[in-house]
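*Asks:* Before I ask anything, here is the structure I am working with.
The values are calculated or read from the model by the stated rules, or taken from the named source; none is laboratory data. The structure presented is a predicted model; accordingly, all values stated were derived computationally and were not measured. Reconstructed Cβ throughout: ideal geometry from the backbone, glycine too, with neighbour counts over all protein chains shown.
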Amino acid sequence: MACNSSQVQEALGSLLTVFKAAAASTPGDKSTLDRDELRALIRCQLPFLSDKKDFEEEFEKFFQCMEDTHGSNVDFKEFMCLLATIVMCSDCRPSN
Ligand SMILES: [Ca+2]
């Protein structure tokens, strides 16, 4: 494997930038995503998910589960776990 690029480093930087912007987009805790911030981030960044007709129902189920186990806000670590789960459960990789 050639190591002549920093794709992972650049991807992580992009994820952190998107997370921070979304986390600070409404009043409240600027270091975590509340329900509305996470919904808006998914709608903007992951339309293949939010375009599904049962998105709202599935989102509410997910967020209720999050609230029950981790509290009402999503921190960066939880966000990364969510993304990893989405990747494992979906075919969202770009084709090339
Ligand atoms: Ca926030």
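*Asks:* Quickly run through the range 1-45 and pick out the residues that are of a type in the set (A, V, I, L, M, F, W, C) and within 14 Å of residue 77 (Cα to Cα).
*Replies:* Within the range 1-45, 12, 15, 16, 18, 19, 23, 33, 38 meet the criteria.
*Asks:* A further question follows. Need the failing condition index for residue 66 against (1) part of a loop (DSSP other than H, G, I, E, B); (2) within 16 Å of the ligand (Cβ to nearest atom); (3) at pLDDT below 95, just the number.
*Replies:* The single condition residue 66 does not satisfy is (1).
*Asks:* Looking at residue 87 and the list (1) more than 16 Å from the ligand (Cβ to nearest atom); (2) assigned to a loop (DSSP other than H, G, I, E, B), which single condition is not satisfied?
*Replies:* (2)
*Asks:* Among the candidates 52, 61, 20, single out the residue that is surrounded by 11 or more Cβ atoms within 10 Å (Cβ to Cβ), outside any helix (DSSP H, G or I) and out of contact with any Leu (no Cβ under 8 Å at 6 or more places or on another chain).
*Replies:* 52
*Asks:* Another question about this same structure. So which pairs qualify, if the first residue must be in the range 38-57 and under 15 Å from residue 82 (Cα atoms), the second must be among the β-branched types (Val, Ile, Thr) and not in a helix (DSSP H, G or I), the Cβ gap must be under 8 Å, and the two must be at least 6 apart or on different chains?
*Replies:* That search, which allows pairs on different chains as well, returns 38/74.
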